[in-house]
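Reading through the structure tokens given below for one structure.
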Amino acid sequence: MTKLVLAIDDDKYVHHVIEESLAGFCQLIHAKNGDEGLRQAQKYNPDIILLDVEMPGKSGYQVCTELKNIEQTKDIPVMFLSGKSELPERVKGYNAGAADYIVKPFNAEELMARIRVLYEYRQHSIKLKNDVERAQITAEIAMTDSGDMGRIMRYVGQTYHAHDLQSLSNYFFEFFRPLNLDVVVAFWYQDVGVICTDDVVCPLEQELLEKHRYSNRFVDFSNHTIINYPKVSILIKNMPLDDEALYGRYKDLFPHILEVTNAKIQDMEVNEKVLAQAHAVGSAFNELSSQLFVCSETREGAVAQLATQLSELRVQLQQSPAAESQALALQITQLEQTQSQLAMLNDDLTFIKHQLNHIIDSRSELIDSLSKIASPEHTQDVTSQTDIELF
């Protein structure tokens, strides 16, 4: 299907650049100002809207806000075209409802790649719309039947059964659905950001979470709130700032959930590290064991050879004249002492081999235990957040 893109810009040259950049890639509609762009958007319902920030009359931010307030156009992804690259400008664009922000001048490959992402973003959003509506109905029912404390305790119990980020995120979003909040979560696992959401993450949401990762614990802008912990950050896209009581309740509630999530991710990281170390130690012990067995075979060969030499010397001692007997007897005594020392060494090495085998067995049991902890088994009986009884 050919993508339909609406370009709203007062600069004819920019329209020309967009036309050349997207030739053969999509079908274009042009609008020279905000009012014309609003009419074109409602008339043609494009897949993507490219919107200039600074225009005569209505600014791009005003146009974007109006687009998001119109039922017919509110779900169309908007990408701002601007010569300003500072973060506050991007935040302003995001607050107006944009899904992406590209800085002029841009090249054709970058523009097409971003349009492709936004197009897929909208297709996924349309596909998930019915699921979201069903989830909201379920959330309303669950909210009336569940207390905050009971739901927190249920989430704590569920995290014991989460052994990877996917299962943890499932429980995480299950907690938030009854609150009717639109949430994006970033797990900072092994210092790499893994972004998850119930819907689809737009590029600006990911960028905002990454930019504010080391900011204050709470970051409020417009009706959005970012809450940061070392291993997890969330972006709440529809925080009820106009309801002071509800807003305060959420600010008291969410740190409990994030602390639990933060601790769980730390445990997952430690377990992964310990498991890797156990494998490394096991490999080292296996190599040491192999070397000991090789040395043992060599030593046993040397002991056998020494015993043969002693037998031969004793025979020579019996057959030798008295003049040579004293020297042979001394040599035999020295070899017997060496044989005795080798026997003691043999006992020590036998004990070491026994202990080493015991360590290897213990290490195997440790790896099995850690692997069971790290594997997502026995989670089918975890109770849903919708099954919680009131305290």
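The values are calculated or read from the model by the stated rules, or taken from the named source; none is laboratory data. Because the structure is predicted, anything quoted here is derived from the model rather than measured. Using ideal geometry, Cβ is built from the backbone for each residue, glycine included, and neighbour counts are taken over all protein chains shown. Heads up: the accessible areas ignore ligands, DNA and RNA and are worked out on the full protein's heavy atoms, side chains in. Shrake-Rupley method; radii C 1.70, N 1.55, O 1.52, S 1.80 Å.
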Å² per residue, accessible surface of region 1-144 at 1.4 Å: 52
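Please compare each pair in K68/K237; K84/K211; K211/K237; K58/K129; K127/K251; K84/K231 to a cut-off of 20 Å on the Cα-Cα distance and tell me which ones are over it.
With Cα atoms farther than 20 Å apart: K58/K129; K127/K251; K84/K231.
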Rounded to whole Hz, the Karplus (6.51, -1.76, 1.60) HN-Hα couplings of region 262-269, x for glycine and proline: 4, 5, 5, 5, 4, 4, 4, 5
Overall form of region 188-227 per C-alpha gyration tensor (a/c, 1.5; a/b vs b/c): oblate
Gained length - H279 relative to N107, 0.36 nm times residue gap less alpha-carbon distance: 57.1 nm
Dimensionless Rg ratio for region 45-132, taking C-alpha atoms and the 2.2 N^0.38 Å reference: 1.09
Prolate/oblate/rounded label for region 156-252 (Cα gyration tensor, a/c 1.5): oblate
Which of I195, L181, N216, positive extreme of dipole for region 178-269 (C-beta unit charges): N216
Accessible-area composition of region 163-234, carbon plus sulfur, in percent [1.4 Å probe]: 45
